[in-house]
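The values are calculated or read from the model by the stated rules, or taken from the named source; none is laboratory data. In this text the structure is predicted, and so the values were computed from the model without any measurement. Note that each Cβ is placed from the backbone with ideal geometry, even for glycine, and that neighbours are counted across all protein chains shown.
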Amino acid sequence: MFNPQWDTNTPNRLRRRLVNGVIPVLLLAGFSVSPLVYANQAILFQMMAFMALAQGVNLLYGFTGYLPFGYVGFFGIGAYGMAISIQLLHFPGILAVIIGGLLSSVIAMAFLPLLRLSGAYFAISSLAAAEVLSHIVSNSAFIHITNGPYGEQLTQSYHPLTSYVVMVIVLVLTTVVVIFIRNRPFGRALMAIREDPVSAAMAGISVVRARSVVWLLSALIAGLTGALFGWHMSVFYPSTVFDLNISILAIVFTLFGGYGTVTGPVLGSIVLYGLYNAIGISDPQYFQLIYGLLIIALVLFLPGGIISLIQRRGNYVP
Amino acid sequence: MFAYSLISGILFGIFFGFMALGLNLIFGVMEMVNLAHGDFVVLGGYVGITALNSWHINPLVSLIFALLLFFVVGLGLFFPLVPRLSHSRDPEMLSLILFFGLSQVLEALMEIKFGVNPESLPLSVFGNSSWHFLGQSYQISWVVSALISLLMILLTYVFLYYTPMGRAVRAVMGNREEARATGLPVKRTSAIIFAIGIALAAMSGVLSPLMIGSIDPTSGLGLTTIAFAIVVIGSLGNPLGSVLGGLVYGISLMLMQTYLSSWSVLVPYLLLLIIVLVRPSGLLGKGVRHV
Amino acid sequence: MSHEPVLAFEDIVKKFGTFRALDKVSATLKAGEILGLVGPNGSGKTTLINVISGLYNPDAGKILFQGLDITRWPMHKRARVGINRTFQIPKPFKSLSITENVALAYHYGSKPAMNPRQALDFVGLSHAASQLALQLNSTQQKLLDLARALAAGPKILLIDELAAGLNHQELKVIADHVQLLAQQGIALIVVEHHLGFVNQLTNRVIVMNAGKEIFQGSLDQAAQDPVVSAVYLGTGS
C-alpha cells in the first residue's frame, strides 16, 4: 500500500518501479507474439478487450467505489460512434475508433450527475442509463443514423490486423494509465475520497473533479474498446455491443482478480476468459453458474480477489 | 383509449407494487439491495407454469405453495450468507455483489432446468370472461392478479402496523443500531423479513407470466430494475410507497404503450433516472439515507 | 503580528428546515490569535465550524478570508488557501498508511506547511508512520487528524473537541502544542466543552446558546456574566 513517491527506501522504490513497468511490457510482448503460435485471433482480441474493460471497471470500482453495471453503455456508444464515422462521414478506421472513444466521453459528461449517487443507487442507475442508450440506438426513429435494430455492416473497412494492433496499443496504454494513477498521489486521493469524501476535501482534494476525471477516463477506455471491437467484428447489432453480459463479465473479472491493483484485472481476465473459452461457448449456463458461485465465495471469503492471497503475506503486488 | 390506459395502468401498477414489495422490505430492514429479487420472481413464475402444465394445478393454489416454499428457501439462504456480510467492512457494497452472484447462479440454474425459451400461462387460466368497466373490457386474469396483489399488500400492511413482529420490523427500519440497543432481536427480525421478501417475490412471480406476457431465465435483471425503480419512486421501507411507485410505473407504462409504443420499453429506466437525480428520497420520503 | 483580521464572519445564519442552528453569529480573528468557542450541546458550535470550513453553506451572512469573500467556496478550495479543521469524530483514510494520510494533505494543501514528517513529529505519531490508519485507537486518530490539518498548511485552524477523552497529562501537552501553533502565526478557533482546557489556551471566548452568540469577551468576564451562568447552570454543565 506504500506510495513509491513517499517511500524513502530507494532500492525498494526502484524494485517497485521495475515490477510495475514489467506488466505493460509483458502484455505488449504476449499479445504481439501469441497470434503466431495460437491461430484463433478472435479469442485473443476479445481477451484483450475484456482486459481493457476490466481495467476501466477497476478505475471506477477499485479506486473510486462506483460499481458500474451499465459500463457496457460506453462500450456500445464507442462501437456506434465508430460505425457512424465510417458509414456516414467516411472516416478511416483508426480515426473512427478515436471518434468512438471521444463520443463515449461526451456521453459520460451528460451522465456526470450519476456520480452524486452511491452504492446500489449508482449501480442500478448506471444500468438504467445503459439501457436508455441501447434503446435509443436501436430505436427505428434513428434508423437513418444507426440503422436501428438491423445493426452495422462495415465490410468495406474490415481490417482485422490493424484493429488487432490498435487493440494491443489501447490495452497497453490503459494499463500504463492505471499503473500511473495507482502510483501517484492522484490514486491515493481517489482512495481517500472513497473512504471519506469530507476528510478528503479537507485535505485539499477536489472531490468532484477527481471523480469526474476517472468517470470520463473509464468511459474513454470503454469507448475505444467498443469501437475496436465493432471494427474487428465488422458486423454487429445493438444487442451485441450493448449486451449487459459485457459489463457483468468485466466486473466479475475485476473482482475475481482483485480490484484496486494493476495485476488483478489482468489475471482475472486471463483465468476467467480462458475458462469461458473452455466451457462457456458450448455451455454458457455452466460458465455462468461457476462464476456466480465464484462471486458468492469471493464476497464471503476473499473480498480482495485472488491477488489478496499474495498481498496477505505482506508482499507488494503492482 | 385514455380511460383504458389509465385503468389497465392501475391494474398493472397494483401488480408491480406487489412485485416490488419484497425488495422494499429487505431494503428497508437490512439496507441491502437484493439484486436477485427479479430471479425469485421468475422462479415463482416457473413454479406456476410447471404446476399447471405438469400437474394441472391452478395458479391460485401455486400462489400459496410458492409463498411457503420460498419462505423456507429464504430462511435457508439467509443464515449462511447475510450475517457474515453484516460484519464485513462494507456491507452495502458487498451485499450488492453477493446478490449479484446469487442472481447469476439462479439464472444459470433456470437455464439448465427450463431452457432458454420464453414460457407463459394461458390468459384464460382464471376463466374466459372479461371485466367490463366504463365501456372497455379488461382481461379477467389481470383483474384477478391485481386483486390478489392488493390483498397481499394489505396483509403486509396489517403485519407491519398491527402485530408485535411488525412493530419490531418498523423499529429496525427506523434505526438499526437503536433497535439493537433496546434489545430487539435484530438478526431474527432480519431473517424473517428476508424470507418474507423472497416469498412475496416468488408469489408475485406466479402471476407474472399473466402480466408481462412471458418469462425466460434472463427476465430477472429487468424485473429487479423495475422493482428498484418502483421502490425508489415510492420511498424505501414503506409498503404504501410500493403501491404508489407501482401505480406511477403502471400508468406511465400503459400511457406510453398507447401513445408512444416504440419507446415504452424505456419507461422504468427513465423513471428511475429522473427520480434518483431529482428526488432521491422518493415521493413519500423525508430523508435520504444512502445518497 | 498583523492587525488585519485573517478571518471575519458576519451575521452567519444557518437553518435546518425551520430550526435556526446559527442565528446571526459574527466575529473576527487575527493571525496568532486563539478564540475559544464554548456553549452547551446543540448550541451551534460545530455548525459554525462546519460553515467556516465549507461543509455547509450558510443561509445568510458573509465569510471573509484575508479580506476575500469565500462564503460560497467549496471545502477543498478553502483547504488550499489555508483554512483547515479537525473533526470531532475523525475519519482517517483507513486503508492508507499514517504517512500517506498526512502526505496527501501536504501534496494538495496550502504552502508553506509542515511536511508529513514534521507534522507527525509534532503530534507524536512518527513512531507509527508506516502503520495503516485503521490500526490507530481513537485518541491517535484525533492526533492524526490534527497532523493531516497541519500538513495542509493552515493559516486558520478550527479544532473541534480535541480534549474529549484525554487525561490531565495529555491535555497539558495538547494545550502547549496549540499555543505553539498560535505562536507560529496560525489563527485558531477551538470548540470545547472542557472549560478548563479553554482556560489553558486563551482568554478570549464566544459563548453560544441555541444558535445565538450570547457573550463575546474574556473567559473571566464570561464566568461572571449572569446570562452565561444561567445557560451553563440550566444545562448542568
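Pairs linking a residue in the stretch C:87-103 that is more than 8 Å from chain A (Cβ to nearest Cβ) and in contact (Cβ under 8 Å) with a residue 12 or more places away in the chain to a residue that is charged (D, E, K, R) and assigned to a loop (DSSP other than H, G, I, E, B), with Cβ atoms under 8 Å and 6 or more positions apart or on different chains, are C:GLN88/C:GLU161. Each residue in the stretch B:11-60 was checked for being more than 12 Å from the chain's Cα centre (by Cα) and assigned to a helix (DSSP H, G or I), and 19 pass.
So which helices (runs of 4 or more DSSP H) are wholly in the stretch B:87-181 and hold at least 1 residues that are within 14 Å of another protein chain (Cβ to nearest Cβ)? Explain how you work it out, then say what you get.
Details: elements: B:91-114, B:140-162, B:164-174, B:176-181.
Ranges flagged: B:91-114.
Of the helices (runs of 4 or more DSSP H) lying entirely inside the stretch C:178-237, the ones with 2 or more residues being hydroxyl-bearing (Ser, Thr, Tyr) are found at C:226-235.
Somewhere in the stretch C:193-201, is a residue touching a residue at least 40 places away in the same chain (Cβ under 8 Å), assigned by TED's automatic domain parsing to the domain that holds C:THR18 and surrounded by fewer than 21 Cβ atoms within 10 Å (Cβ to Cβ)? Yes: one or more hits.
Looking at A:LEU293, A:LEU300, A:LEU289, just one residue is under 28 Å from B:THR218 (Cα atoms) and in contact with a Lys or Arg (Cβ under 7 Å, 6 or more places away or on another chain), and that residue is A:LEU300. Would you pick out the residues in the stretch C:127-174 that are of a type in the set (S, T, N, Q) and away from chain A (no Cβ under 13 Å)? Correct list: C:ASN137, C:SER138, C:THR139, C:GLN140, C:ASN167, C:GLN169.
Being buried (at least 23 other Cβ atoms within 10 Å of the Cβ), away from chain C (no Cβ under 14 Å) and not β-branched (Val, Ile, Thr) is a property that A:LEU228 has. A count restricted to the stretch A:184-206 and to residues that are closer than 21 Å to A:THR261 by Cα and facing chain C (nearest Cβ under 7 Å) stands at 7.
Collect the residues in the stretch C:193-230 that are polar (S, T, N, Q) and within 24 Å of C:ASN50 (Cβ to Cβ), keeping them in residue-number order.
If the condition is that a residue be polar (S, T, N, Q) and within 24 Å of C:ASN50 (Cβ to Cβ), then C:THR202, C:ASN209, C:GLN216 are the ones that fit.
The stretch A:258-318 holds helices (runs of 4 or more DSSP H) entirely within its bounds, and those carrying 3 or more residues that are in contact with a helix residue (DSSP H, G or I) (Cβ under 9 Å, 6 or more places away or on another chain) and free of Cβ contacts under 8 Å to residues at least 12 places away in the same chain map to A:284-301. Quick one: in the stretch C:48-86, which of the residues that are aromatic (Phe, Trp, Tyr) and touching a residue at least 24 places away in the same chain (Cβ under 8 Å) is nearest to the other protein chains (Cβ to nearest Cβ)? Step by step, filter the stretch C:48-86, then rank; the result is C:TYR56. Of all residues assigned to the stretch B:105-126, at least one qualifies as being of a type in the set (Ser, Thr, Tyr), out of contact with any Leu (no Cβ under 8 Å at 6 or more places or on another chain) and touching a residue at least 24 places away in the same chain (Cβ under 8 Å). Regarding the stretch A:168-189, can at least one residue be identified that is crowded, with 21+ Cβ neighbours inside 10 Å, basic (Lys, Arg) and either part of a helix (DSSP H, G or I) or free of Cβ contacts under 8 Å to residues at least 12 places away in the same chain (or both)? There is at least one residue in the stretch A:168-189 that is crowded, with 21+ Cβ neighbours inside 10 Å, basic (Lys, Arg) and either part of a helix (DSSP H, G or I) or free of Cβ contacts under 8 Å to residues at least 12 places away in the same chain (or both). In the stretch B:139-156, how many are farther than 21 Å from B:VAL42 by Cβ and either exposed (fewer than 11 other Cβ atoms within 10 Å of the Cβ) or out of contact with any Leu (no Cβ under 7 Å at 6 or more places or on another chain) (or both)? Adding up the residues that qualify gives 6.
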